[in-house]
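Undergrad: First the structure, then my questions, so here it is.
Read-outs: derived from the displayed coordinates by stated rules, not from any lab. It should be emphasised that the depicted structure is a prediction, and the values quoted were computed from it without experimental measurement.
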Amino acid sequence: MPQALRWPLMLLPFALWGTAMAAMRPLLDGGTPLQVASLRLLPAGGLVLLAAVLLGRSLRVAAADWPWLLAFALVDGSLFQGLLAQGLGQTGAGLGSVLIDSQPLLVALLARSLFGEAINPVGWIGLLLGLLAILCLGLPAPVLQHWWLEGPVALGERAWSHGELWMLAAAAAMALGTVLSRYASRQSDPVAITGWHMLIGGVPLLAGVGWEGALLPSWTVAEWGLMAYATVLGSALAYGLFFWFASSGDLTGFTALTFLTPVFALLCGVWLLEEQLQPLQWLGAALALVSVVLINQRQQLWRGTVPAEQP
């Protein structure tokens, strides 16, 4: 794939996620978390498999990949989507984004342990800058300014509500699911594996919806439009590209692009809603860009700081 096309496609999932979360939040006022999660996952899985067929890719899953696929589906499909919808309904959009976008650090630790990916000091600095960036982007200035002095008073509630714990658990599930995607696609096509994991992972969510009662929420036409956006672009296209790239290459460097998700969300608000970024948010956007550069160029930058050995 040409490098000029590869980078825009790598960035696209994070741009779509930055707006899909905002689209999902109002849907939880008229629907349950399980309804939103299942309606996002199941149709998206079918669309990904249809795209795989149109692209001439095989839908067959190798026998050795089935155990990993089932684990991938339950962790990243059922568990992650269920936790995300549950947590999104109990946290603000900014704080929810901060917590869910912290998963690159967990992915880096898992990739270091399982795949031997080198992080080095430059990479660690990049990861820490990325976490600081999403704090600046997602949390209001009073919280950051007064947290150490006032603690929970700065938030007006308990420091860690149940919603925040749901989002932290969702971040951990996605990080583990990202690693499992590599094992699940060792002998199978990664696009097909992405689609199958959505369909299989959506079954427990749909069963939970049936247990609750009504399968479909009573949304307006506009709200169904938001659900379609979150399903088609925020799930089918975004997750198809994400796990395709995550199945090979530098897992730590690629998932570090998650730090740009809140940046895209804020820029979308500036462009479409004519919102104004605060100085703290501009700082967060700059830190996010620096962190992504440091993480993706960590090997070259680290070799440049270490003196060459004398012969």
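Undergrad: Would you kindly derive the ³J(HN,Hα) couplings of region 229-243 from the backbone phi angles with the Karplus curve 6.51 cos²θ - 1.76 cosθ + 1.60 (θ = phi - 60°), listing them in order in whole Hz, with x for Gly and Pro?
TA: Going residue by residue, I get 5, 5, 7, 6, 8, x, 10, 4, 6, 5, 6, x, 5, 4, 6 Hz, with x marking Gly and Pro.
Undergrad: Let me ask something else about it. Using 0.36 nm times the number of residues separating Leu12 and Val290, minus their current alpha carbon distance, what extension gain do you get?
TA: Values: separation 278, 0.36 × 278 = 100.08 nm, distance 1.86 nm.
Length gained, Leu12 through Val290: 98.2 nm.
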